[in-house]
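Remarks on the structure that follows.
The values are calculated or read from the model by the stated rules, or taken from the named source; none is laboratory data. Values in this document were obtained by computation on a predicted structure and should not be read as measured data. Here the Cβ is made from the backbone with ideal geometry for all residues, glycine too, and neighbour counts use every protein chain on show. To get the accessible areas, we keep the full protein, side chains included, count just its heavy atoms, and leave off ligands, DNA and RNA. Shrake-Rupley method; radii C 1.70, N 1.55, O 1.52, S 1.80 Å.
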Amino acid sequence: MRKSDIASGLVLTVFGLVSLWLIIPVQISGHSDYGLAPDFFPRLLMWFFVLLAAALAGSRLLEVRRGAAASGAQETSPMEPADWLFIGAAAAVLAIAYLLMEYAGFIWAGVFTVFCGGLAMGNLRKHPVRLALMCLAAPVLVYMVFRHLFLVFLPT
């Protein structure tokens with residue numbers, strides 16, 4: 001059991017709820033005359049995000065409760081500094097991605113987010129060319145699919 005999973009699950013759940021009730025309504029209009037509302041997919045994806053983050057925190061909290069009941073004692077060791085650093089870095093990446101989306105558009109925010117995800121998974125040293133291609137191809141592909149297939153215009 002990792003205590004960082006509990007903290008990050010709770011932080012991501014709060015981030016998702018804030019996005020659902022504050023960010024998405026401000027950024028995307030909620031009605032359309034042509035079928036699905038423009039905010040349908042962002043809201044759907046954010047609800048999945050919230051549910052998965054809450055499930056992560058909840059499952060780890062249940063592990064702590066079961067472990068404490070089995071051992072008879074609470075685990076009191078604090079999280080490692082690396083855990084706090086990872087949570088802070090993830091929060092900073094999300095905040096920077098939001099600002100990039102606001103001021104530079106979806107594609108640049110996507111390039112930054114894919115790069116940071118690949119960096120966190122260790123792909124820069126092992127597969128730098130693959131990471132560069134994914135950084136450039138994935139955001140453009142997602143942008144084109146949403147624009148031409150779903151008729152949802154992402155920020156440019």
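Look through the range 85-106, keep the residues that are closer than 15 Å to G9 by Cα and in contact (Cβ under 8 Å) with a residue 40 or more places away in the chain, and return whichever of them is least open to solvent (accessible area, probe 1.4 Å).
I87
Looking at (1) modelled with pLDDT under 85; (2) open to solvent by 80 Å² or more (accessible area, probe 1.4 Å); (3) part of a helix (DSSP H, G or I), which one does A68 not meet, given that it meets all the others?
Here A68 clears every test but (2).
Could you list all residues from the range 44-59 that are open to solvent by 60 Å² or more (accessible area, probe 1.4 Å), aliphatic (A, V, I, L, M) and over 13 Å from S8 (Cβ atoms)?
Listed by number, the residues that qualify are L44, L45, L51.
Could you grab me the full set of residues in the range 142-156 that are over 21 Å from the mean Cα position of the chain (by Cα) and assigned to a loop (DSSP other than H, G, I, E, B)?
F150, L151
How do the pairs read when you match residues in the range 24-43 that are assigned to a helix (DSSP H, G or I) with residues anywhere that are among the charged types (D, E, K, R), using Cβ under 9 Å and keeping only pairs 6 or more apart or on different chains?
Short answer, once both residue conditions are applied: I24/D39; I24/R43; P25/D39; Q27/D39; Q27/E102.
Can you find even one residue in the range 31-43 that is open to solvent by 50 Å² or more (accessible area, probe 1.4 Å), of a type outside the set (S, T, N, Q) and under 17 Å from I87 (Cβ atoms)?
no
If we scan the range 104-122, do we find a residue that is assigned by TED's automatic domain parsing to the domain that holds A91, more than 20 Å from P38 (Cβ to Cβ) and in contact with a Pro (Cβ under 6 Å, 6 or more places away or on another chain)?
yes
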